[in-house]
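Structure record follows, encoded as structure tokens.
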Amino acid sequence: MVNGTVLERDGAAYRVLTADGEVRAVLRGKVKRDTPHVVVGDRVRLDLEGEGGVMGIAGVEERTSLLARRVPEGRGNRPVVANVDQVLVVTASVDPAPIPQLIDRLLVVAEANELTAAVVINKTDLDPGTALAARMELAGYRVFRTSARSGEGLADLRAALAGRESVVTGPSGAGKSSLLNA
């Protein structure tokens, strides 16, 4: 058996990080029937023998946390990511304009799942985001003001990510990928 962490799901296949690198894996047999929905962040056990370079997921370790969101019309929850200990909600200060209702909704999802949440206001080289930062701090959230372009605030953000399992979320264009690449 080999242990790994699910990095991505692509249809019926999963990209899993092991001590020896990344592998592709699929759910097989009993695990497919008896295992709850496998999500990014799940720690899995893999069969050593893989067919055509694809390994089999033989089991899923117990989760330490689960970020799930409600399915419309009250039909339960949909798991999104497992084994994280903080949620970072990224928004741009401008371009695109922040959407307070979306930020609030993402923070509520984190709180409902009993996960620590913080707000990252990106693109502060274009606008400092002072009013939004004040609103979020007043609500009790830690706020990071960053600029992927200028490097402002990246040291503090790196420190907040160090030693933690984090999920980064937010609207398109806010700079999530730019921040992670920086």
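Key figures
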{"read-out": "Top-ranked residue of segment 35-49 - restricted to ones that are open to solvent by 40 Å² or more (accessible area, probe 1.4 Å) and in contact (Cβ under 8 Å) with a residue 24 or more places away in the chain, ranked as farthest from Leu17 (Cα to Cα)", "value": "Pro36"}
{"read-out": "Failed criterion for Arg70 (all others in (1) at pLDDT 95 or above; (2) under 25 Å from Asp34 (Cβ atoms) hold)", "value": "(1)"}
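The values are calculated or read from the model by the stated rules, or taken from the named source; none is laboratory data. If you're wondering where the values come from, they're calculated on a predicted model, not measured in any experiment. Here the Cβ is made from the backbone with ideal geometry for all residues, glycine too, and neighbour counts use every protein chain on show. For the accessible areas, the whole protein counts, side chains as well, though only heavy atoms, and no ligand, DNA or RNA atoms are used. Shrake-Rupley method; radii C 1.70, N 1.55, O 1.52, S 1.80 Å.
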